[in-house]
Amino acid sequence: MTAPFEAGERGIFLDSRGRRYLVRLEAGATFHYHRGALPHDLVIGSQEGVTVHTAAGEPIRCFRPRLFDFVLKMGRGAQIIYPKDLGPLLVYADVFPGAHVLEAGTGSGALTLALCRAAGPDGRVVSYEIRPEFSVVARENAETFFGKTPPWLELRVGDVREVAGSGETFDRALLDLPEPWETLSALGDVLHPGGILGAYLPTTGQTQALVLALNEGPFAQVETFEVLLRTWHVTERSVRPDHRMVAHTGFITVARKLAD
Ligand code: SAH
C-alpha cells in the first residue's frame with residue numbers, strides 16, 4: 001500500500017477529457033483550470049488514484065506523476081528528449097542497475113532523470129553541461145522529481161571533453177549535443193572496452209557525420225534508428241489511430257567500444 005498524498009509533493013491531475021496537469025500540493029491552496037476549481041486539501045491525505053470533484057461536479061483523477069508525465073511538464077532550458085525516445089535509448093544502450101554512466105549535455109535533464117532511475121543507487125551518473133544556467137534547471141528538475149538530488153548523480157558544468165584525463169572510466173556514454181563526433185577521442189579514453197555509446201541527434205547530416213566518425217574506430221556494431229510512435233483512439237464505436245502524431249524528434253545511434 002503506497003502512502004497517501006502529502007503536502008509538498010507533486011500530483012498529476014487528470015480531467016474528464018484526459019488533460020493532464022502537474023500540480024504541487026499545498027495545504028489550503030486551490031487548483032484552477034478551465035472547467036473549475038479544486039481545493040488541494042481534497043487530495044492531500046487521499047490515496048493515489050482517488051477521484052475528487054470540483055464544486056461544479058467535474059471529476060479529477062489524481063496520481064503521482066510518472067517520469068513520462070514529469071518530463072513533459074517540467075521546467076525547460078534546452079529541448080528535452082521525449083519519452084518515446086528515452087525508453088529505447090535506455091534499452092539499446094543497455095543502461096543497467098549499477099552502471100557508471102557519462103552523459104552530455106545535461107540540458108533540462110530529461111535523459112538524466114531516466115539514467116538515474118536505470119543506473120540506480122549502486123550506479124553513478126556524471127552529466128556535463130556547458131551552459132551553467134541549463135545545469136541549474138536540470139538540478140531543480142532532479143530535486144523535484146526525486147525529492148532530493150540522487151547521491152549517485154553528479155552534475156558538472158563544463159565541456160564533456162574535460163572528462164578525458166580525469167582518470168574516471170564509464171560503462172556507458174549517452175550524448176545529446178550538436179557535434180558528438182568532436183567528443184569521440186575523449187570518450188574513447190574513458191569508455192570501457194565493450195562499453196556502449198548512445199547518441200541522439202535531430203538531423204540526418206549530424207547522424208551521418210557521427211556514424212562515419214564511429215566507423216573510423218574504435219567502435220563496432222554501429223546502429224541507427226528512429227522511433228515512430230502512433231497512439232490509438234479506442235472506444236466501443238471506433239478503433240483507429242489518433243489523427244495526430246509526433247512526426248519527428250530525432251535519430252538514435254548506438255555503438256560498442258572495441259578493445260585497444
Ligand atoms: N538530453 C537533454 C537535452 C540536451 S540539449 C534533455 O533531455 O533534457 C543539448 C545540450 O548540450 C545543451 O544544453 C548544450 O548547452 C549542451 N552542450 C553542447 N555541447 C556540449 C559539450 N561539448 N559539453 C557539454 N554540454 C554540451
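The values are calculated or read from the model by the stated rules, or taken from the named source; none is laboratory data. Values in this document were obtained by computation on a predicted structure and should not be read as measured data. All Cβ positions, glycine included, derive from the backbone under ideal geometry; neighbour counts span all protein chains shown.
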Considering only residues of region 38-65 that are among the charged types (D, E, K, R) and in contact (Cβ under 8 Å) with a residue 40 or more places away in the chain, which is nearest to the ligand (Cβ to nearest atom)? 64
Taking region 158-186 and the residues there that are assigned to a strand (DSSP E or B) and within 9 Å of the ligand (Cβ to nearest atom), the one that is nearest to residue 105 (Cα to Cα) would be 175
What's the total number of residues in region 107-121 that are within 10 Å of the chain's Cα centre (by Cα) and more than 6 Å from the ligand (Cβ to nearest atom)? 6
Residue satisfying all of: in region 73-94; at pLDDT below 95 and touching a Lys or Arg at 6+ places or on another chain (Cβ under 9 Å); surrounded by the fewest Cβ atoms within 10 Å (Cβ to Cβ) among these: 73
Residue 199 at pLDDT 95 or above, closer than 18 Å to residue 111 by Cα, touching a Gly at 6+ places or on another chain (Cβ under 9 Å) and in a strand (DSSP E or B): no
Go through (1) modelled with pLDDT under 95; (2) more than 18 Å from residue 113 (Cα to Cα) for residue 147 and report which single condition fails. (2)
Quick one: which of 159, 176, 171 is in contact (Cβ under 8 Å) with a residue 60 or more places away in the chain, in contact with a strand residue (DSSP E or B) (Cβ under 8 Å, 6 or more places away or on another chain) and within 20 Å of residue 130 (Cα to Cα)? 176
Scanning region 73-95 residue by residue, the ones that are more than 19 Å from residue 177 (Cβ to Cβ), aliphatic (A, V, I, L, M) and touching a residue at least 24 places away in the same chain (Cβ under 8 Å) total 1
If you take the residues of region 108-137 that are assigned to a loop (DSSP other than H, G, I, E, B) and in contact with a helix residue (DSSP H, G or I) (Cβ under 6 Å, 6 or more places away or on another chain), which of them is surrounded by the fewest Cβ atoms within 10 Å (Cβ to Cβ)? 108
Residue match in region 17-24 (condition: of a type outside the set (Lys, Arg) and farther than 23 Å from residue 134 by Cα): yes
Criterion first (within 27 Å of the chain's Cα centre (by Cα), on the phi < 0 side of the Ramachandran plot and of a type in the set (A, V, I, L, M, F, W, C)) does residue 38 satisfy it? no
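Going by what's in this entry, would residue 98 be described as away from the ligand (no atom under 13 Å from the Cβ) and either more than 13 Å from the chain's Cα centre (by Cα) or free of Cβ contacts under 8 Å to residues at least 60 places away in the same chain (or both)?
In short, yes.
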